[in-house]
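The values are calculated or read from the model by the stated rules, or taken from the named source; none is laboratory data. Keep in mind that what you see is a predicted model, and the values were worked out from it rather than measured. So basically every Cβ, Gly included, is an ideal-geometry build from the backbone, and we count neighbours across all protein chains shown. Calculation scope for accessible area: heavy atoms of the full protein, side chains included, ligands and nucleic acids excluded. Shrake-Rupley method; radii C 1.70, N 1.55, O 1.52, S 1.80 Å.
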Amino acid sequence: MRLGMHGEAGQKSTPDSWTIGGKILTSRFFLGTGRFPSPAVMLQALQASGAEVITFAVRRVNLDEVADDSILQHLPEGTLTYLPNTSGANNADEAVRIARLARAAGLGDWIKVEISADARTLLPDPVETLKATERLVKEGFTVLPYTSDDPILCRYLAEAGASAVMPGGAPIGTGLGILNPYNLGLIAEQSPVPVIVDAGLGSAKDAVQAMELGAAAVLANTPVAKAGDPVAMAEAMSLAIRAGRLARLAGRIPELPYASASSMEAGKLSSFAADAAWMEAAQG
């Protein structure tokens, strides 16, 4: 099934491809690069994931020597889209400043706005996130804001020009999974831009649920990087995202309050007995 996505000139779309900021993507898995036990494991996990977009905190990158950065130097050149994030920013001014530094360092014009309002929960600040999104869109950035699972806020962010919205399933790094599936489903149903579920996921089952709820993609870091086997978990998450997406397109059966037999009433033994009695009477 082709989903009718349109990309940049010269790019060809593939079945079930999708776009953000004019860029055609075929993978629906965004991978974070932090917390891996080593760069080698991160690279293996990246290959297993099939991810085309990776995210990292700008404050952890050596902006003076990007090519020699401890993370970026290990990544294959020309095959990935960088999504630097503004993790550590406390307000819109700081987020805008970080985004400008990332672009000036050659990391591209994609930016994940991440502004925490509380050090304990790391929940996003809705007011400052909206302010930063409005400003960065005007400066030509492809803005993907990390936000709470508030359908109204997600609508405002889309109206402000966000290329996608990234509601969290649960607080960052908790592994609690999707705490409010109703809200995420509502966001996916109403959003005019792609919805990428970000933060709080724990395992592949959460990725399946996110996609079945209608998300366009999933971003994960901690559940992969801190798994017992990060490479295996990266592959599991990738397969789960594909399975959830296919299930969403296939259409699940409705939930019913009572049992519904898969066999027709005519197939019951009592019906066979009645038919046999009728035939015997007819023959006699």
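Mind listing the long-range amide H neighbours of Gly32? Cut-off is under 5 Å, sequence gap 5 or more, other chains count too, H placed in the peptide plane at 1.01 Å from N.
Residues meeting the amide H criterion: Thr55, Ala220, Asn221.
Round to the nearest 0.05 the FRET efficiency obtained for Arg59 and Leu256 when R0 = 45 Å and r is the Cβ-Cβ distance.
0.35
Taking the full set of protein chains and a 1.4 angstrom probe, give the accessible area of Phe36 in square angstrom, rounded to the nearest 10.
Near enough 30 Å² of accessible area.
What are the ³J(HN,Hα) values, in whole Hz, obtained from phi via the Karplus relation 6.51 cos²θ - 1.76 cosθ + 1.60 with θ = phi - 60°, for each residue of region 196-209 in sequence order, with x given for Gly and Pro?
For region 196-209, the Karplus curve yields 10, 6, 9, 5, x, 6, x, 7, 4, 5, 5, 5, 4, 4 Hz.
For region 153-227, state which trypsin sites (Lys or Arg not before Pro) are in a DSSP loop and have at most 16 other beta carbons lying within 10 Å of their beta carbon. Display every interim value, and only then the final one.
Numbers: sites: Arg155, Lys205, Lys226; in loops: Lys226.
Sites meeting the loop and neighbour criteria: Lys226.
Karplus couplings for region 49-54 from phi (6.51 cos²θ - 1.76 cosθ + 1.60, θ = phi - 60°), rounded to Hz, Gly and Pro as x?
Each residue of region 49-54 in turn: 6, x, 5, 9, 10, 10 Hz.
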